[in-house]
């Protein structure tokens, strides 16, 4: 991996309007108000061979991604029914990761902030 996935993900998340970082079960997450936008997952700390992120996705998107590319996307053990897991330890496409994060933000942020994001 060329760069630390946590640092890359953090930079993407903290560019979003009114998003802050907090710890959730010992792992970084990025929230807007009380709504989680992205949860980082450090599997090796938990005895698993996976570094990834979890984020809300529009209905049906998770199933499509997991079915089409199960080596890159997965169903996270926590989160909502439509949350998608994205592997960050397999040379991720960071533009795609940023697009997934922005879509997750659109799902949890109020319209005025989504409009601000779209204006940038």
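Readers should treat all values here as calculations from the given coordinates under stated rules, not as data from a laboratory. Note that the coordinates shown come from a computational prediction; the quantities given were computed from them, not determined experimentally. Here the Cβ positions follow ideal geometry from the backbone for every residue, glycine too, while neighbour counts run over all protein chains shown.
Placing a label point 7 Å from the Cα of residue 71 along the Cα-to-Cβ direction, the residues of segment 26-60 whose backbone N falls under 19 Å from that point are 49-53. Computed from label points 7 Å out along Cα-Cβ, the spacing between residue 27 and residue 6 is 1.2 nm.
Expected output is a single nm value to one decimal: the length gained when fully extending between residue 93 and residue 46, i.e. 0.36 nm times separation in residues minus the C-alpha distance. What is it? Working shown, then result.
Working: separation 47, 0.36 × 47 = 16.92 nm, distance 2.48 nm.
That pair, residue 93 and residue 46, stretches by 14.4 nm at full extension.
I'd like the orientation of helix 94-108 relative to the chain: the angle between its Cα long axis and the longest Cα principal axis, in ° from 0 to 90, rounded to 10. Around 50 degrees separate the two axes.
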